Amino acid sequence: MTEASLDRYDEVGLFRVLASSVRVAIVDLLADQERLVRQLVVATGLAQPLVS
């Protein structure tokens, strides 16, 4: 994990406490680049309706 990634985690600390871990994982995956829903499904191992 890069230092920039660690800084981002500090900035969203409150968000992490209040948000669903699924949402946080998806936001983290989208932070670096755009992704298709099917890419998020594969990366998270979650069902497509939950990711969408």
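Taking the stated definitions as given, is Val42 open to solvent by 90 Å² or more (accessible area, probe 1.4 Å), at pLDDT 65 or above and assigned to a helix (DSSP H, G or I)? The answer is yes for Val42.
This table checks each residue for (1) modelled with pLDDT of 80 or more; (2) open to solvent by 50 Å² or more (accessible area, probe 1.4 Å).
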| position | (1), (2) |
| --- | --- |
| Ser5 | no, no |
| Leu14 | no, yes |
| Arg23 | yes, yes |
| Val27 | yes, yes |
| Leu30 | yes, yes |
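The values are calculated or read from the model by the stated rules, or taken from the named source; none is laboratory data. Keep in mind it's a predicted model, so treat the numbers as computed, not measured. Surface accessibility is based on the protein's heavy atoms, side chains included, excluding ligands, DNA and RNA. Shrake-Rupley method; radii C 1.70, N 1.55, O 1.52, S 1.80 Å.
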